[in-house]
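Asker: Sharing a structure here in structure tokens format.
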Amino acid sequence: MKIQKKGYGSGVDDFKVEDVPSLSLAFLGDAIYAVHIRTRLLKAHPRMKPEELHREANLWVSAGAQSRALLHLRKASLLTDEEWDIAKRARNKSSATRAKNASIKEYRNASGLEALIGYLDLTGNHGRIETLMQEIIKEGRVHND
């Protein structure tokens, strides 16, 4: 009997986003969120040194900043009920550990935002990610100035 290793690319044909655990959605969403922030920074500051870009990106990608972003989207009624449910599921599943310099609540909210972004990516809703990221960046500018 031959045992196949499950690796990159296996099981793609029968993929269902509903089968992906919330924290795995957050794993993907974290990367997508970071790419959006880094892209925005490079476009806004094309001559900024990499170490400065890194410091600035960390302000936006921190658990605290992501938590504030999720709460802003919710308070401003910019999330659908389905989107909020996805974020809530990830918040509730998030571990008791936390990121450095962030409370457990901030860490869980950040996981919720990341899971939502991951879900939207896997379902092909890239325009929706763009819309949410534009709002997050707009709101963040108000609080970071």
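Asker: Work out the charge dipole of segment 20-114 with +1 on the Cβ of Lys and Arg and -1 on the Cβ of Asp and Glu about the Cα centre, then indicate which of SER77, HIS54, ALA31 is farthest towards its positive end.
Answerer: Value: HIS54.
Asker: If you project the alpha carbons of segment 26-145 onto their three principal axes, what span does each projection cover, largest first, in Å?
Answerer: Principal extents (Cα only, largest first): 40, 32, 25 Å.
Asker: Same structure again: Calculate one ³J(HN,Hα) per residue across segment 51-61 by plugging θ = phi - 60° into the Karplus curve 6.51 cos²θ - 1.76 cosθ + 1.60, and present them in order as whole Hz with x for glycine and proline.
Answerer: Values per residue, Gly and Pro as x: 5, 6, 4, 4, 4, 5, 4, 4, 5, 8, 9 Hz.
Asker: Sticking with this structure for a sec: Is there a pair in LYS16/LYS93; LYS16/LYS75; LYS49/LYS100; LYS43/LYS100 whose C-alpha atoms are over 27 Å apart, and which pairs would that be? Let's see the in-between values first.
Answerer: Numbers: LYS16/LYS93 20 Å; LYS16/LYS75 30 Å; LYS49/LYS100 25 Å; LYS43/LYS100 29 Å.
Cα-Cα > 27 Å for LYS16/LYS75; LYS43/LYS100; rest within.
Asker: Using the basic label-point model (7 angstrom from Cα toward the beta carbon), what is the LYS49 to VAL20 distance in nanometres?
Answerer: 3.8
Only the coordinates and a few stated rules stand behind these numbers; no lab work does. Note that the coordinates shown come from a computational prediction; the quantities given were computed from them, not determined experimentally. With ideal geometry, Cβ positions are generated from the backbone for all residues, glycine too; neighbour counts draw on all protein chains shown.
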